[in-house]
């Protein structure tokens, strides 16, 4: 082996390690599905409150959150058959932890009376912001940090607004900062899959 | 040129494909066959042959399991493989700096 070949081999090792580290799974689908399901629950809850049908229809949330977890568990089991790097492991654990924390706060927090019904929206927004901030760092996507900041600012606004008016704000945020980024994640992931640079 | 001992190179890592396989496995927890094929950019047969050689050398471990009733083979780098790759990189760097 000569020096030129050694340089080429070091470059090859570097490229393969970098590509292997950057390998990621499509979190876009999960984020979009959760965003759509929660948006439906939010607007249905708000409609129920406005029309005087109920204060907060817990069943809408049970069905939507149940559907979200079913989807995440099924896709998670399917993904077990794929390659896993440390970035994927961290992102999976991060969003699963955020989901568990939000489910506990949303159901146990409100039914116990520890958290006011309206306050669930700003509390959950702060947690979602954490999810996006860490994802931004791991996946090296700067625009995702803006999404995290938007969630935290939205949370502050909702704490100031107080009351059930926070629900439509939370619903719009869910579409703008969860469904839309989810679609963007999906597109970015798809483009990466067909990019000649990665092939 | 003359003072460099070429015998320092690990026989198993003389092949670029085997070097690329170990490099791909070093930053993942475990990987499936298609991932490695994509990273190494080689044919199924060629990849299988090199994976077997790495397994024989104790650099890579293989685990077969069923996921959703489908057979799945996962590959993992061993501690011995990790050390061998590090040593290989050190030797390459020495050769470049020489």
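Quick note: the coordinates plus some simple rules give every number you see, no bench work behind them. This structure is a prediction, so every number in the text was calculated from the model and none was measured. Virtual Cβ from ideal backbone geometry, glycine too; neighbours counted across all protein chains shown.
For the pair residue A:191 and residue A:5, what calculated FRET efficiency results from E = 1/(1 + (r/R0)^6), where r is the Cβ-Cβ distance and R0 = 30 Å, to the nearest 0.05? Could the numbers behind the result be given before it?
Details: r = 34 Å, r/R0 = 1.13.
Plugging the Cβ-Cβ distance into 1/(1 + (r/R0)^6) gives 0.30.
Averaged over peptide B:27-36, the number of partner chain Cβ atoms lying within 10 Å of each residue's Cβ comes to 5. With a simple spin-label model that places each label point 7 Å from the Cα along the Cα-to-Cβ direction, the separation between residue A:79 and residue B:97 comes to 4.1 nm. To the nearest ten degrees, helix A:180-194 and the longest principal axis of the Cα atoms of chain A are 20 degrees apart. Mean-square fluctuations from a GNM of chain A, with a 10 angstrom spring cutoff on Cα atoms, peak among A:119, A:108, A:133 at A:108. Ellipsoid semi-axes for segment A:1-98, based on the Cα gyration tensor and the rule √(5λ), read 47, 12, 8 Å when sorted largest first. Rg and Dmax, both from the Cα atoms of segment A:26-177 and both in Å, are 15.6, 50. Within segment A:51-120, all pairs of alpha-carbon atoms sorted by distance into 5 Å bins from zero give the percentages 3, 13, 19, 21, 14, 11, 8, 6, 2, 1, 0.
If R0 is 25 Å, what FRET efficiency do you get for residue B:90 and residue B:49 from their C-beta distance, rounded to 0.05? Efficiency computed from Cβ-Cβ geometry: 0.40.
Taking the Kirkwood radius as the inverse of the mean 1/r across Cα pairs, report the Rg/Rh of the protein assembly as shown. Each step should come with its number before you reach the end.
Values: Rg = 24.7 Å, Rh = 22.0 Å.
Answer for the protein assembly as shown: 1.12.
If you scale each eigenvalue of the Cα gyration tensor by 5 and take the root, what three semi-axes come out for segment B:47-98, rounded to whole angstrom and sorted largest first?
Details: eigenvalues 194, 20, 16 Å².
They are 31, 10, 9 Å, listed from largest to smallest.
Pairing the Cα long axis of helix A:3-22 with the longest principal axis of chain A, what angle in degrees results, from 0 to 90 and rounded to the nearest 10? In chain A, helix A:3-22 runs at an angle near 10 degrees to the longest axis.
The alpha-carbon positions of segment B:25-69 define a convex hull whose volume is 92 Å³ per residue. Roughly what % of Cα-Cα distances in segment A:93-170 sit above 21 Å, to the whole percent? Within segment A:93-170, distances greater than 21 Å cover 29 percent of Cα pairs. For chain A, the longest principal axis of the alpha carbon atoms and the long axis of helix A:86-103 meet at an angle near 0°. Compute the distance from the alpha-carbon center of segment A:64-120 to that of segment A:1-32, in whole Å. So the two Cα centres are separated by 30 Å.
Solvent-free Debye calculation, one equal scatterer per alpha-carbon of segment B:6-97: log10 I(q)/I(0) at 0.16, 0.18, 0.26 Å⁻¹ equals -0.63, -0.77, -1.41.
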